[in-house]
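Heads up: the structure comes next, in structure tokens.
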Amino acid sequence: AACALWRGGGGDGDGDGGGVAAELGAWAASEADEQRQTAQIAAAIEAAARAQRLLLPDADEATYDAFLRAAHTEITQKAGQKCTATRRILVPDDLLDEVIEDLGAMLGRTKVGDPADTDNRMGPLASAAQLASAKEGLAALQTQAEVVWGDPDGGDAINGGTGHFMTPVLLKANAITE
């Protein structure tokens, strides 16, 4: 149940989830007229890409709140084990710290554990193999991103160590160099 926060990016384009499937350009000022600012988003979206969530810089408070709720649901619902779960969250640089703090706070209030307990909102992964795969994937992502919220090993002690639990983790992509 890991989700990466990306600020733009590149990708290998092969659709396997190993790279960033969408590229988001930087906000740019119009060179023709310094007085007039033009926000530009350059996007190349691969049709087979994993689900992404995009927060625009002019989002009002209601949209921002809805964005956070939807991202939280996508990260925690079915422990992130659905083909349409959000894999990448694209956020303007000036909102990145706020999103990490606010989404992290929401994830921190999410109880992870035995789904038979109605207080729990996120259950285990489907199998030991699925848990191992998720941890391997998280380790691979950490070569290109840093953990900014959560503990990659946080699920080990849940339910007395019985079950295949993983707590939510947020990653922030490393700076992109060309």
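A short reminder: the numbers here are calculations on the coordinates, not readings from a lab. Keep in mind that what you see is a predicted model, and the values were worked out from it rather than measured. Every residue, glycine among them, receives a Cβ derived from its backbone with ideal geometry; neighbour counts consider all protein chains shown.
Below are the figures for this structure:
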item	result
Region 80-178: proportion of alpha-carbon pairs further apart than 18 angstrom, %	52
Protection proxy ranking of 159-170, 56-67, 100-111 - average other beta-carbon atoms within 10 Å, highest first	159-170, 100-111, 56-67
Solvent-free Debye scattering, log10 I(q)/I(0), computed from the Cα coordinates of region 138-178 at q = 0.15, 0.18, 0.26, 0.32 Å⁻¹	-0.43, -0.56, -0.86, -1.04
Rough spin-label spacing in nm, given labels placed 7 Å along Cα→Cβ, for Gln130 and Ala62	3.7
Nitroxide proxy distance, nm - points 7 Å out along Cα→Cβ at Thr110 and Ala157	2.0
Residue-span extension gain [Ala175 to Glu98] - 0.36 nm each, minus C-alpha spacing	25.9 nm
Reciprocal mean inverse distance between Cα atoms of region 86-141 - Kirkwood radius, Å	13.7
Peptide ranges 133-141, 150-158 listed from the most packed, as the mean C-beta count within 10 angstrom indicates	150-158, 133-141
At 1.567 mPa s and 4 °C, Stokes D of region 110-164 from Kirkwood alpha-carbon radius, µm² per second	106
